[in-house]
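Here the structure comes first, spelled out in structure tokens, and everything after it is commentary.
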Amino acid sequence: MRKKIFLLDDNTAAFERSIEQLETRYEVMRCKDIISATRRIQIRKYDCIIIDLMMPTRGLDVKDEFKAGFNFYLEQVKLHQPTVPVLFWSNLTDASFIQFKDSHPEDCALLHFLHKTEDIYELESMITEILNDDEKN
């Protein structure tokens, strides 16, 4: 059975090849908005969750688009899937991630960051590492 990955990102066009590469190995549930993502996180379990940091905030209590991914994690993922590893995936630098991680030391083992790049294998490699998934297709 393939592992299930949840991907929340409102704009994946530039990284479509990376996501397609990920889909060759994992079952990927894509979601483009917070409201739909909230419903899906509440009803289905995932092996890993990928969240873009900068997103529209509709559906969140805190309205900071630059930290929407963090707020989705705090408001939904931590509540409904508290033991699932999370990869924050962003075009932003990792400085805000480091600050977030430092302010949530209890979650450090579950939280990861990857800067979005055009290397189509980097996303899959990071997920494989997070899941300790050494199995081959």
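Per-residue Karplus couplings for region 51-57, computed as 6.51 cos²θ - 1.76 cosθ + 1.60 with θ equal to phi - 60°, are listed in order as 10, 6, 6, 9, 8, x, 9 Hz, Gly and Pro entered as x.
Compared with the dominant Cα axis of the chain, that is its longest principal axis, helix 34-43 is turned about 70°. A rounded overall shape is assigned to the chain, the ratio a/c of its alpha-carbon gyration tensor axes (a ≥ b ≥ c) being less than 1.5. The charge dipole of the chain, taken about its Cα centre with unit charges on the Cβ atoms of Lys, Arg (+1), Asp and Glu (-1) only, comes to about 600 debye. Using only the alpha-carbon atoms of region 5-66 as identical scatterers, what base-10 log of I(q)/I(0) does the Debye formula give at q = 0.16, 0.28 Å⁻¹? Results for region 5-66 at q = 0.16, 0.28 Å⁻¹ read -0.53, -1.28. Entry comment: accessible area of region 17-137 is 54 Å² per residue, from protein heavy atoms only and a probe of 1.4 Å. If you sort the three axes of the alpha carbon gyration tensor as a ≥ b ≥ c, you get a/c under 1.5 for region 46-123, which makes it rounded. For Gln81, no residue has an amide H sitting under 5 Å from its own, ignoring neighbours fewer than 5 places away on the same chain, with H placed 1.01 Å from N. Farthest towards the positive end of the charge dipole of region 63-137, among the residues Asn91, Gly69, His115, is the Cα of Gly69, using unit charges on the Cβ of Lys, Arg, Asp and Glu.
What percentage of the solvent-accessible surface of the chain, computed with a 1.4 Å probe over protein heavy atoms, is contributed by carbon and sulfur atoms? Roughly 51 percent of what the probe reaches on the chain is carbon or sulfur. Label region 38-79 by shape, choosing from rounded, prolate and oblate, from the square roots a ≥ b ≥ c of the eigenvalues of the Cα gyration tensor; if a/c is under 1.5 it is rounded, and otherwise prolate applies when a/b is larger than b/c, oblate when it is not. Cα axes put region 38-79 in the prolate bin. Subtracting the Cα-Cα distance of Thr12 and Met29 from their residue separation scaled by 0.36 nm leaves 4.8 nm. Annotation: Asp102 carries an accessible surface of approximately 110 Å², with a 1.4 Å probe and no ligand, DNA or RNA atoms counted.
The values are calculated or read from the model by the stated rules, or taken from the named source; none is laboratory data. All of these numbers come straight from a predicted model, not from anything done at the bench. A quick note on method: Cβ atoms are made from the backbone with ideal geometry, for glycine too, and the neighbour counts reach across all protein chains shown. Accessible surface areas use protein heavy atoms only, side chains included; no ligands, DNA or RNA. Shrake-Rupley method; radii C 1.70, N 1.55, O 1.52, S 1.80 Å.
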